[in-house]
1. Considering only region B:169-178, state which residues are facing chain A (nearest Cβ under 7 Å) and in contact (Cβ under 8 Å) with a residue 60 or more places away in the chain.
2. Within region E:117-131, count every residue that is open to solvent by 20 Å² or more (accessible area, probe 1.4 Å) and in contact with an Asp or Glu (Cβ under 7 Å, 6 or more places away or on another chain).
3. Within region A:181-189, is even one residue at the interface with chain B (Cβ under 7 Å from one of its Cβ atoms) and open to solvent by less than 10 Å² (accessible area, probe 1.4 Å)?
4. Return the only residue of E:GLY107, E:GLY166, E:GLY152 being open to solvent by less than 40 Å² (accessible area, probe 1.4 Å), small (Gly, Ala, Ser) and more than 8 Å from chain F (Cβ to nearest Cβ).
5. For E:ARG145, state whether it is crowded, with 20+ Cβ neighbours inside 10 Å, more than 30 Å from D:VAL116 (Cβ to Cβ) and of a type in the set (D, E, K, R).
6. Exactly one condition in (1) closer than 16 Å to C:VAL78 by Cα; (2) touching a Phe, Trp or Tyr at 6+ places or on another chain (Cβ under 8 Å); (3) open to solvent by less than 10 Å² (accessible area, probe 1.4 Å) is not met by C:VAL178; state its number.
7. Could you please let me know if C:MET126 is within 30 Å of B:ASN183 (Cα to Cα) and more than 7 Å from every other protein chain (Cβ to nearest Cβ)?
Number of protein chains: 6
Amino acid sequence: MTDTPELVTALDLPAVDPLPPETAKYFAICEEKLGLVPNVLKAYAFDIDKLNTFAALYNDLMLAESGLTKLEREMIAVVVSSVNRCYYCQVAHGATVRELSGNPELGEQMVMNYRVADIDARTMAMLDYAVALTEASAKVTEADRDILRGHGFSDRDIWDIASVTGFFNMTNRLASGVDMRPNAEYHGAHR
Amino acid sequence: MTDTPELVTALDLPAVDPLPPETAKYFAICEEKLGLVPNVLKAYAFDIDKLNTFAALYNDLMLAESGLTKLEREMIAVVVSSVNRCYYCQVAHGATVRELSGNPELGEQMVMNYRVADIDARTMAMLDYAVALTEASAKVTEADRDILRGHGFSDRDIWDIASVTGFFNMTNRLASGVDMRPNAEYHGAHR
Amino acid sequence: MTDTPELVTALDLPAVDPLPPETAKYFAICEEKLGLVPNVLKAYAFDIDKLNTFAALYNDLMLAESGLTKLEREMIAVVVSSVNRCYYCQVAHGATVRELSGNPELGEQMVMNYRVADIDARTMAMLDYAVALTEASAKVTEADRDILRGHGFSDRDIWDIASVTGFFNMTNRLASGVDMRPNAEYHGAHR
Amino acid sequence: MTDTPELVTALDLPAVDPLPPETAKYFAICEEKLGLVPNVLKAYAFDIDKLNTFAALYNDLMLAESGLTKLEREMIAVVVSSVNRCYYCQVAHGATVRELSGNPELGEQMVMNYRVADIDARTMAMLDYAVALTEASAKVTEADRDILRGHGFSDRDIWDIASVTGFFNMTNRLASGVDMRPNAEYHGAHR
Amino acid sequence: MTDTPELVTALDLPAVDPLPPETAKYFAICEEKLGLVPNVLKAYAFDIDKLNTFAALYNDLMLAESGLTKLEREMIAVVVSSVNRCYYCQVAHGATVRELSGNPELGEQMVMNYRVADIDARTMAMLDYAVALTEASAKVTEADRDILRGHGFSDRDIWDIASVTGFFNMTNRLASGVDMRPNAEYHGAHR
Amino acid sequence: MTDTPELVTALDLPAVDPLPPETAKYFAICEEKLGLVPNVLKAYAFDIDKLNTFAALYNDLMLAESGLTKLEREMIAVVVSSVNRCYYCQVAHGATVRELSGNPELGEQMVMNYRVADIDARTMAMLDYAVALTEASAKVTEADRDILRGHGFSDRDIWDIASVTGFFNMTNRLASGVDMRPNAEYHGAHR
């Protein structure tokens, strides 16, 4: 964030300046660990309370203990974002799928059409459930949950699948609603 | 929550027992202020971190300072939940629209077809934007945001409309994905 | 209907004045039995032949002898009107479901998402058929009718389900096409 | 209706036998005037009250006095039935459009894609309104009615457009719901 | 093609004049065999290379050796064109289905709703696959191909079904994209 | 194509062996110029006539003289394939957009949501037309073509836009219908 800050959304909502020490430290850690501060965090930085509640929810869903691996959660992220055609989330989380899986082709498949991916039936069922919830959540019934249980998912796993699916249905609307732009670094990463 | 706790979701995820003191206090406050503990909070009570991050986000979006009134935010909540046909959210937030507006008919209109409501053009534009983001977020462009600006919404207001819209697109998927059931008390309230 | 008649549609089509004696008597019976003259009848009163043919069809479908109970027919009415998001019909027939079932929650479920209702498999199959006919009638085949037969519905019952489903697909278009407004009394009734 | 009656629907609902004198006379008139008894009437003949209420509504909408010509009403019939892909109604009313217009190509266009027809802007607006009501009635608003008014349609005309549109949305569901089959004679007629 | 050439598309793209001898001969053969030069060929005649590549593909797909009969390929043509509501292709290939089958009703059913046709389960499965590919090709999976194999279709047959389905998804977009008009002679043919 | 040929489709359709000299030469040229033989050509190689007619059409549409640049035609290819979520075509033509534009981000935008791309209004109008034809070709009218003309596209350009749009609507169905797999080399190319 230099003299001419890059555009991160279509809205004129500048970050608080200077950032509070805790936020500055958080961004520095991102820079160090990821090589960048994700634009979604910069976009939220106009209101530190909003930034913190968003980051807390993100960390709980995507990084905390779960029966789902981090890669599984990221695959849900990309598939949901593909259904909704969210540019920001497909770019950012597509890169993470490539990174976590070490399989660039898998990342592309989650973006383009997850049904062609060479994944096991359990993972496909998980993604099918995420897509069903994304496309027509009101039509999901106990029969759909029983398919997941038949593949060995626990009720807690089902909660987590629904929560991650819900989360990206939220961020997709926010990102598209404000035209959020992904960091350029994601495009070439882990290819 | 007595001997036979009512069913709040289709999942077997019992609340931590006993609840931590802060959570117990939070639930007691709900009981006192609202006459009930919203089932969504009971549903989350199997994991106190998840409960807290959800509650923090909810409070920031629906109760904190915003250019949107609380009623406007609740109208978005119901209209989004109507598009997604989420039973829990239509019931719970429909009751709040009836309460805040003192107009039971308005609550019904948000549930059944917001386009018939006798609301001003500015409010209708806000709901149209929420619906566009809900139905096909990828098709929303700057032209849609300019319609909002033409009705006097600031860029910060647009962020808030997109955020509230996103939030209920999340909760709708979670609620339908776990078959969350609303408290029975909502049905007759504020009729 | 006093000096300033309430608005029942967006069209300028005043009732014939005075009403013919038979119509006046019919309206008086409605007032006595229901406490109101349904606005759909007032809307049709600009042409007594149209009013009479509509009323005759309504009475035959919803009140005459059938293998379907009156409550079952009203449940179809609300579910079809929910798919089509018809404000008038959801309000008026939602009230009737609440009245006939003595279960306000059931009325709400028919409006908001019938799939969450605690109804038996036979009734759910009936509503699924009504929804399939409403959403994509050309895709309904003998396999769908065989599901109904498997739940014990006779061929005459299938005719009645299709007829009632068809009828509300008609009234939903008429009501939305002329912006018909429901009587205010329905909103608070049978809550 | 001889020894082996042709199949008119997928349901086992034989006509009352013998037909009441008035019905027999009505069918004889059809035979004389049209050269056939429309299968929809034979299908209804298991219950003479239902037959009579249906016929009365049909006659009022399609044959009685209206600002819309009979051809205009039949064009709406076919276009609505094309959106819903109802085999019975496209066949039967397609033949009538060919007959009334003396233009076989127009009948095909109403069935296949009304937007390619060489009709005036007023007629196209009428059909656009019928299609909007058929595809998504809840999204129709006063702005749509004002387009009709701008083309010279009166409020009474708008009622009739909405009524005819609604009627075929009803019959399409009934016909598809019971697999009603059109009389074979329609296919080659007025080509 | 006389002084006032008939309009074949909405574009101002006159045929090369004079036609090269080979093209003139090809058109003369069409005239002799079919009684007309199909308008699609006249439309392409502004560029002889385009005409030739189109005709070569058409001939390979629709006329060359295949496990599918010519009638089966024409049925796919009409059903795909019906899903896409392409006026040109429904008219031209509907006539061919009537001709090849000697069954005018079958031609109408392919246009109006193929699901009502009295065809065997194998043919219906073929058309279901063509429709699935047309409506949502990305959702087609190996399970769909296995249904075809279960009806006795070879892998080569599946290629041909997919190719013919694809071809009409192409021509439907081209025809609608340039408003291509069918030869008037098709309408009354083989009724 | 060595001892264990890679899988290019889900169908068991081996290439003719040995390839005819002209085809072998064509494949050798591909290998030399592109570094690979596109899998679509290998897939077609079970029938040399089909291969040749496909290649001729491809070459005419994508490589021959046109008012559209090669990049513009490739952008249409990817955007159409994104609407249809065709894995093969998004991968192969996404790589070409990256190559021809020298802008990897543009390739991603065509795949993920073309509406966010920073392209001029003329190019956006071209892609909007391609998407309209892909999603609902029957709803495209002269008004849509006039928008293109207003941006300076000639009638010949409109033909080419419709043709390229149609072509990828064909290949998308074929590729998904046979589960065609793209060459692995595309994934990392031109990033």
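1. Matches in region B:169-178: B:ASN169, B:THR171, B:ASN172, B:ARG173, B:SER176, B:VAL178.
2. So the count comes out to 0.
3. no
4. The match here is E:GLY107.
5. yes
6. Status for C:VAL178: all satisfied but (1).
7. Yes; evaluated as a whole, the condition is true for this residue.
Here is a yes/no grid of residues against (1) among the small types (Gly, Ala, Ser); (2) modelled with pLDDT under 95; (3) touching a helix residue (DSSP H, G or I) at 6+ places or on another chain (Cβ under 9 Å):
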| site | (1), (2), (3) |
| --- | --- |
| D:PRO5 | no, yes, yes |
| D:ALA10 | yes, no, yes |
| D:ASP17 | no, no, no |
| D:LYS25 | no, no, no |
| D:ASP49 | no, no, yes |
| D:PHE54 | no, no, yes |
| D:LEU63 | no, no, yes |
| D:GLY67 | yes, no, yes |
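The values are calculated or read from the model by the stated rules, or taken from the named source; none is laboratory data. Keep in mind it's a predicted model, so treat the numbers as computed, not measured. Positions of Cβ are generated from backbone atoms using ideal geometry, with glycine treated the same way; all protein chains shown enter the neighbour counts. Each accessible area value is taken on the protein alone, full model and side chains, heavy atoms only, with ligands, DNA and RNA left out. Shrake-Rupley method; radii C 1.70, N 1.55, O 1.52, S 1.80 Å.
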